[in-house]
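To start, the structure itself, in structure tokens.
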Amino acid sequence: MATYEYSCNRCGSFDVKLPIGTAPTEQVCPQCSDTARRVYSSPATAFTSPAVAGLREQEEKSREDPAVVTRVPPRQAAPRPAHPALARLPRP
């Protein structure tokens, strides 16, 4: 099933779900029963993963309401890797 968009001069646009390739150029408006013409638009085929959608939403939110930093975060010391020669030393 595909979604087709029609535009009525009185009521505006509405969508109709029909099998692919069976959409007529004119459709009866469900509100006023007047004739509505088919509107051709780009298909909605863009699919994004939930992770990408979440990042985009967070980025858009930061435009209007950015996070405010009140202080510098504390510095965390990076753990020093043990020297491999120390593992071979005798332990008390």
Q) What stretch of the chain, leaving out the sites themselves, is the longest with no chymotrypsin sites (Phe, Trp or Tyr not before Pro) in a DSSP loop having at most 15 other Cβ atoms within 10 Å? A) 48-92
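Percent of Cα-Cα pairs more than 21 Å apart in the stretch 11-92, please. Mind dumping the intermediate values first?
On the way: 2332 of 3321 pairs.
The proportion of pairs with Cα distances above 21 Å equals 70 percent.
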Q: If a cysteine in the chain has no other Cys Cβ under 4.7 Å from its own Cβ, put it on the list, ordered by number.
A: Cys32
Q) With each label point set 7 Å from Cα along the Cα-Cβ vector, what nm distance links Val68 and Ser41? A) 3.9
Q | Vicinal HN-Hα couplings computed from phi for the stretch 15-22 (Karplus, 6.51 cos²θ - 1.76 cosθ + 1.60; Hz; Gly/Pro x) | A | 10, 10, 9, 9, x, 4, x, 10
Q. Whose amide H sits under 5 Å from the amide H of Cys8, counting only residues 5 or more places off or on another chain, with H placed in the peptide plane?
A. Ser13, Phe14
Q: Can you tell me the FRET efficiency between Gln58 and Ile20 if r is taken as the Cβ-Cβ distance and R0 is 35 Å, rounded to the nearest 0.05?
A: 0.45
Q. For the chain, which longest stretch is free of loop sites, where a loop site is one of the trypsin sites (Lys or Arg not before Pro) that DSSP puts outside H, G, I, E and B and that has at most 13 other Cβ atoms within 10 Å?
A. 11-70
Q: Note the angle between two axes, namely the Cα long axis of helix 50-64 and the longest principal axis of the Cα atoms of the chain, as a number of degrees from 0 to 90, rounded to the nearest 10.
A: 90
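Read-outs: derived from the displayed coordinates by stated rules, not from any lab. Because the structure is a prediction, the values reported are computed rather than measured. Counting neighbours? That spans all protein chains shown, and the Cβs are built from the backbone with ideal geometry, glycine included.
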